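Below is one structure, written out as structure tokens, with a few remarks after it.
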Amino acid sequence: MSKWLSCILLVITCNISASTVKEGLALYNQKQFDEAKAIFEPLAEQGDARAMFWLGVTQFRTGEQFKASASLHEAAEAGDPWAMHLMVPSYNKWCSYLGWPCDEGWMDKTIAGWKKLADNGDGNAMYALLRWGDKPWWAYVPILKQKKYGKLVEEAVKAGGYKAAGFNAGIPLTIEKRVELLKYIASKNYAPAMMGLYFVNKNHMKLDLDVNELLKKMLFLGWGGQTLMFDLNKNLPPLKRSSDVEALSDQDKKLISDLYYYSLINKRITGDLYFKPYIDFRNEKNELVKVDLLTPNEQKRIEEKARKFLVDFKVNMFIDEASSVHALL
């Protein structure tokens with residue numbers, strides 16, 4: 001190997017090693033899994049248990065399930081409680097399906113690891129203990145349960161354990177307390193909290209908020225665009241024939257333009273175009289007919305607007321250690 005090539009490789013290696021797990025996690029959440037793995041691997045080799053955990057999760061995403069098993073087991077052995085949790089077969093069904101070396105004995109070690117993190121102010125560990133830890137006596141007393149949990153969930157949320165306030169956290173809260181905490185988290189640009197507020201507004205109580213603006217913000221943060229388009233699409237009249245298109249109002253046409261624009265952005269997140277700028281149907285002669293919903297100039301203008309927006313757009317899955325096994329693997 002030439003001296004110059006050795007120097008180049010040394011610089012590249014040093015740059016990767018200088019990267020942090022936080023930077024790797026940002027790439028992971030942008031679905032740049034190979035780039036994230038290139039950061040996690042050298043850190044894991046240096047003995048970083050958190051990097052081992054995220055290396056295993058990323059390997060699973062890239063189809064390397066058995067390498068993922070080894071990395072996660074190594075992270076658990078190195079003391080990472082989130083990896084330990086994924087080694088508990090009653091929690092992680094992939095254990096039996098893929099034959100991973102899981103064991104229920106990891107759960108007690110997981111709880112102990114979370115307690116150490118929580119004592120140091122880790123909000124995600126506080127949330128995990130509330131959800132999977134031993135239930136205190138007051139959890140069985142209705143008059144105390146919601147009040148006590150409300151205080152502890154607020155503490156976890158303010159420490160960064162945002163998932164504690166979600167409906168799927170399985171932690172009992174009054175709807176008023178949940179809304180208070182979800183609004184706090186949404187103010188931090190945490191898109192899943194905005195989705196939580198959307199469902200509160202839809203299913204529980206009307207909130208003083210603009211639902212469409214909330215859903216648009218979620219999309220622009222790189223998450224959850226389908227809900228916005230489903231919500232908007234309900235306001236369109238049925239479009240099954242050419243006559244339906246000809247009868248569209250100016251308001252309907254504006255809505256179609258918005259739907260196509262948001263669909264182009266959402267395609268970067270999901271890979272699918274939710275709303276197409278045309279309809280097709282079979283006429284009386286059973287011929288397939290395509291009818292455009294936008295003029296060529298309108299379609300070109302919207303596509304150019306989306307292209308400019310997407311230059312700096314980043315997907316964000318909002319996944320962290322406290323995400324469910326279904327989100328992680």
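Tabulated data
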read-out: Peptides 96-104, 46-54, 110-118 ordered by average Cβ neighbours within 10 Å, highest first; value: 46-54, 110-118, 96-104
read-out: Burial ranking of peptide ranges 208-214, 307-313 (average Cβ count within 10 Å, highest at the top); value: 208-214, 307-313
read-out: Shape of the chain, Cα gyration tensor, a/c cut at 1.5; value: oblate
read-out: Calculated [θ] (222 nm, deg cm²/dmol) that DSSP helices of n ≥ 4 give over the chain, each run adding -39,500 (n - 2.57); value: -19000 deg cm²/dmol
read-out: Cα gyration tensor shape for segment 117-198, rounded if a/c is under 1.5, else prolate or oblate; value: oblate
read-out: Carbon plus sulfur fraction of accessible area for the chain, probe 1.4 Å, in percent; value: 53 percent
read-out: ILE175 accessible area, 1.4 Å probe, all protein chains in place, Å² to nearest 10; value: 40 Å²
read-out: Segment 108-184 versus segment 305-329: alpha-carbon centroid distance in Å; value: 25 Å
read-out: Distance between modelled label sites at ALA327 and LYS253, nm, 7 Å Cα→Cβ extension; value: 4.2 nm
read-out: Shape call, segment 272-324: gyration tensor on alpha carbons, a/c limit 1.5; value: oblate
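The values are calculated or read from the model by the stated rules, or taken from the named source; none is laboratory data. Keep in mind that what you see is a predicted model, and the values were worked out from it rather than measured. Backbone-built Cβ (ideal geometry, glycine too); neighbour counts: all protein chains shown. Surface areas here come from the heavy atoms of the whole protein model, side chains and all, with no ligands, DNA or RNA. Shrake-Rupley method; radii C 1.70, N 1.55, O 1.52, S 1.80 Å.
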